[in-house]
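*Asks:* Attaching a single structure in structure tokens format; questions to follow.
The values are calculated or read from the model by the stated rules, or taken from the named source; none is laboratory data. Since we're looking at a predicted model, the values are computed, not measured. Note that each Cβ is placed from the backbone with ideal geometry, even for glycine, and that neighbours are counted across all protein chains shown.
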Amino acid sequence: MPATIDETHDPKLESWIESANDPSTDFPLQNLPLATRVAEHDGEVWQSIVTRVGDSFVNLNHISAIAEDLGLDQARWTLFDLEDLMTSGNWPAIRKDLQELLAKGNDTLRNHAEVDEIVIPVDDEELLVPLPIGDYTDFYASVHHATNVGTMFRPDNPLLPNYKWIPVGYHGRASSVVPSGVAIRRPKGQLAPSEDGGVPSYEPCKLLDYELEMGFFVGRENELGEPISIDKAEDHIFGMCLLNDWSARDIQKWEYQPLGPFLAKNFASTISPYIVTMEALAPFRCEAEKRPEGDPQPLKHLDSKANRESGGVDVMLEVFLSSAKMREQGMEPMRISRGSFKNMYWTIAQMLTHHSSSGCNMQPGDLLGSGTVSGPAREARGCLLELTWDGDKDNPVPGTQRTPLKLPTGEERKFLADGDEVILRGYCEREGYRRIGFGECRGIIEPAK
Ligand code: CA
């Protein structure tokens, strides 16, 4: 069952960390996302779990060290790293403790001698990937994205017959998942011969793209050979982040048949450094996207009443682009698309259930990507491959016949150029609740080596 709405979502909750009370912050007291910070202290490098509140990090390991002093349950607060915290099952209680400690009017932590070491100014550059990612799997759960891309690659047969029966996915590469802010080196790879029967070339990718996605983290394992049922799937999902699945379209076109994406996707994937937990997302759950008339209903093991009624997550997602020239001229990044995660054909519970339905054992720290989030409208297309495509079935993937994006400098983009920065943002809003956000997921393209 999805996490329920309780007193931790009360919109009136305010913090003595004043920046948390700004209505535009991504990080009010109702959010409390988790991240891993690395910092030097006394000549040594330390990693710690932090939550973010307004413009401050709050160090959970430091709170753990003085838990008794703060009147907290020492057993509950014995935590070492984020995996520890995820698997302990103590997060909902720790979330409540944190809200109390940080609430306006509570001076226990505020007046503590070590408060300045616990509540520290934000520096996003100190954040790592939140925890070691064991396995990374990427899905393809937007029917709009799958239809658009299918039309380009296979005009006569855009949506393969399995699409409406299984959440299609592939096993990705965990080692190259990087946190927001890490520069992305343009990959090199084999590109198709320019004429039939010719020889392929090995050179820098020419059609580099981003993919706007959401990621979600597995927080509880299942035994090998024991599938997770759809009714239990939400118990195994700890939280969500933003994900940019950088994609080399020309490498992809040459390699993807017969076994699917490989080097076109394995050179880098960027995630936002904060895990927004399923508890924080509770007020923003919504109905799963209704299937159009004539579409098959999911098989029984991928279907449940709870999933139909509240399996969706309403996150508004935006993509911004800034070229090197725009930054030189002091221009703000330009928003190039906008759409909601609620329009996905498959829910996160269905993706996880399907992943384990063979008996595959999922493990804490596994990252699952949703696939490119595209909505029905043109402005909701989640990658340049779709955004610059004019919808003509005779207009194939290679970059020649596309309608380029126009940047405010007069520059044009069909795909990403060196120096371009892609910024993903995501937030949730609903009448009667505090707005919460995911922070940012950024990456700048560096020239190939
Ligand atoms: Ca993808």
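*Asks:* What residue, among those in the range 24-58 that are without any contact (Cβ under 8 Å) to a residue 40 or more places away in the chain and among the acidic types (Asp, Glu), is farthest from ASP84 (Cα to Cα)?
*Replies:* Per the stated criteria, the residue is ASP42.
*Asks:* Of (1) closer than 26 Å to SER175 by Cα; (2) in contact with a helix residue (DSSP H, G or I) (Cβ under 8 Å, 6 or more places away or on another chain); (3) of a type in the set (A, V, I, L, M, F, W, C), ILE336 satisfies all except one. Which?
*Replies:* With (1) closer than 26 Å to SER175 by Cα; (2) in contact with a helix residue (DSSP H, G or I) (Cβ under 8 Å, 6 or more places away or on another chain); (3) of a type in the set (A, V, I, L, M, F, W, C) applied to ILE336, the lone miss is (1).
*Asks:* Is there any pair linking a residue in the range 196-216 that is in contact (Cβ under 8 Å) with a residue 40 or more places away in the chain to one that is among the charged types (D, E, K, R) and within 15 Å of the ligand (Cβ to nearest atom), with Cβ under 7 Å and at least six apart or on different chains, and which?
*Replies:* Within 7 Å, the pairs are LEU207/ARG249; ASP209/ARG249; GLU211/ASP245; GLU213/ASP245.
*Asks:* Scan the range 91-104 and tell me whether some residue there is over 26 Å from LEU243 (Cα atoms) and among the aromatic types (Phe, Trp, Tyr). Explain how you work it out, then say what you get.
*Replies:* Taking the range 91-104 as the starting set, the residues that turn out to be over 26 Å from LEU243 (Cα atoms) are 93-94, 96-104.
Filter once more, so that each one left must be among the aromatic types (Phe, Trp, Tyr): none.
Checked the range 91-104: no residue is over 26 Å from LEU243 (Cα atoms) and among the aromatic types (Phe, Trp, Tyr).
*Asks:* Select from the range 103-119 the residues that are surrounded by fewer than 17 Cβ atoms within 10 Å (Cβ to Cβ) and either part of a helix (DSSP H, G or I) or β-branched (Val, Ile, Thr) (or both) and list them in ascending order.
*Replies:* THR108, VAL115, ASP116, GLU117 - these are the residues of the range 103-119 that are surrounded by fewer than 17 Cβ atoms within 10 Å (Cβ to Cβ) and either part of a helix (DSSP H, G or I) or β-branched (Val, Ile, Thr) (or both).
*Asks:* Here's something else I'd like to know. Without any contact (Cβ under 8 Å) to a residue 40 or more places away in the chain, loosely packed, with under 15 Cβ neighbours inside 10 Å and under 20 Å from ASP138 (Cβ atoms): is that true of PRO258 in this structure?
*Replies:* Numbers: without any contact (Cβ under 8 Å) to a residue 40 or more places away in the chain: yes; loosely packed, with under 15 Cβ neighbours inside 10 Å: yes; under 20 Å from ASP138 (Cβ atoms): yes.
Answer is yes for this residue.
*Asks:* Same structure, new question: Identify all residues within the range 363-378 that are surrounded by fewer than 21 Cβ atoms within 10 Å (Cβ to Cβ) and either over 17 Å from LEU82 (Cα atoms) or within 16 Å of the ligand (Cβ to nearest atom) (or both); write none if there are none.
*Replies:* Quick first cut of the range 363-378, residues surrounded by fewer than 21 Cβ atoms within 10 Å (Cβ to Cβ) only: 363-364, 376-378.
Across the range 363-378, the qualifying residues are PRO376, ALA377, ARG378.
*Asks:* Another question about this same structure. Within the range 152-177, restricting attention to residues that are farther than 22 Å from LEU243 by Cβ and touching a Gly at 6+ places or on another chain (Cβ under 8 Å), which residue is farthest from the ligand (Cβ to nearest atom)?
*Replies:* Ranking the candidates gives ASN157 first.
*Asks:* Something else: Can you tell me which condition ASN395 does not meet? The list is (1) at pLDDT below 95; (2) farther than 15 Å from SER337 by Cα; (3) exposed (fewer than 14 other Cβ atoms within 10 Å of the Cβ), and all the others hold.
*Replies:* Here ASN395 clears every test but (3).
*Asks:* Continuing with the same structure: Name the single residue, out of those in the range 196-227 being of a type in the set (Gly, Ala, Ser) and assigned to a loop (DSSP other than H, G, I, E, B), that is farthest from the ligand (Cβ to nearest atom). Steps first, please.
*Replies:* Applying the first criterion (of a type in the set (Gly, Ala, Ser)) to the range 196-227 yields 197-198, 201, 215, 219, 225.
Applying the additional criterion that residues be assigned to a loop (DSSP other than H, G, I, E, B) yields 197-198, 219, 225.
On the way: GLY197: 31, GLY198: 29, GLY219: 22, GLY225: 29 Å.
If we take residues in the range 196-227 being of a type in the set (Gly, Ala, Ser) and assigned to a loop (DSSP other than H, G, I, E, B), then GLY197 is farthest from the ligand (Cβ to nearest atom).
*Asks:* Select the helices (runs of 4 or more DSSP H) contained entirely in the range 243-347, then report the ones holding at least 3 residues which are more than 16 Å from the ligand (Cβ to nearest atom). Don't jump to the end; show me each part of the working.
*Replies:* Values: elements: 249-255, 278-281, 305-310, 324-328.
Result: 278-281, 305-310, 324-328.
*Asks:* Going through the range 113-138 one residue at a time, which ones are over 16 Å from the mean Cα position of the chain (by Cα) and acidic (Asp, Glu)?
*Replies:* Of everything in the range 113-138, those that are over 16 Å from the mean Cα position of the chain (by Cα) and acidic (Asp, Glu) turn out to be GLU114, ASP116, GLU117, ASP123, ASP124, GLU125, GLU126.
*Asks:* Give the residues of the range 215-244 that are surrounded by fewer than 21 Cβ atoms within 10 Å (Cβ to Cβ) and in contact with a His (Cβ under 6 Å, 6 or more places away or on another chain), sorted by residue number.
*Replies:* Within the range 215-244, just ARG220 meets the criteria.
*Asks:* Sort out which residues of the range 141-183 are β-branched (Val, Ile, Thr) and not in a helix (DSSP H, G or I), and write them in order of number.
*Replies:* Step one: of the range 141-183, the residues β-branched (Val, Ile, Thr) are 143, 147, 149, 151, 166, 168, 177-178, 182.
Listed by number, the residues that qualify are ILE166, VAL168, VAL177, VAL178, VAL182.
*Asks:* Looking only at the range 196-204, decide whether some residue is under 17 Å from the mean Cα position of the chain (by Cα), at pLDDT 95 or above and surrounded by 15 or more Cβ atoms within 10 Å (Cβ to Cβ). Before the answer, list the steps.
*Replies:* If we filter the range 196-204 for residues that are under 17 Å from the mean Cα position of the chain (by Cα), which is where we start, we get none.
There is no residue in the range 196-204 that is under 17 Å from the mean Cα position of the chain (by Cα), at pLDDT 95 or above and surrounded by 15 or more Cβ atoms within 10 Å (Cβ to Cβ).
Condition check ((1) under 19 Å from LEU385 (Cα atoms); (2) at pLDDT 95 or above) across all residues:
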site	(1), (2)
HIS145	yes, no
THR151	yes, no
ASN162	no, yes
ILE166	no, yes
HIS171	no, yes
SER176	no, yes
TYR210	yes, yes
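*Asks:* Take the residues in the range 348-389 that are part of a helix (DSSP H, G or I) and free of Cβ contacts under 8 Å to residues at least 60 places away in the same chain, then tell me which one is nearest to ASP295 (Cα to Cα). Before you say what the answer is, go through the steps one by one.
*Replies:* At the first step, the residues of the range 348-389 found to be part of a helix (DSSP H, G or I) are 348-356, 378-380, 384-387.
Going one step further and asking which of them are free of Cβ contacts under 8 Å to residues at least 60 places away in the same chain, we end up with 378-379, 387.
Numbers: ARG378: 23, GLU379: 25, LEU387: 26 Å.
It comes out as ARG378.
*Asks:* Let me ask something else about it. Could you say whether any residue in the range 126-144 is farther than 30 Å from THR353 by Cα and either within 16 Å of the ligand (Cβ to nearest atom) or out of contact with any Pro (no Cβ under 7 Å at 6 or more places or on another chain) (or both)? Don't jump to the end; show me each part of the working.
*Replies:* Quick first cut of the range 126-144, residues farther than 30 Å from THR353 by Cα only: 126-127.
Imposing the further condition that a residue be either within 16 Å of the ligand (Cβ to nearest atom) or out of contact with any Pro (no Cβ under 7 Å at 6 or more places or on another chain) (or both) reduces the set to 126.
Looking through the range 126-144, at least one residue is farther than 30 Å from THR353 by Cα and either within 16 Å of the ligand (Cβ to nearest atom) or out of contact with any Pro (no Cβ under 7 Å at 6 or more places or on another chain) (or both).
*Asks:* Give the residue that is surrounded by the most Cβ atoms within 10 Å (Cβ to Cβ), with candidates limited to residues of the range 276-330 that are closer than 30 Å to PHE415 by Cα and among the polar types (S, T, N, Q).
*Replies:* Looking at the filtered set, the residue picked out is SER323.
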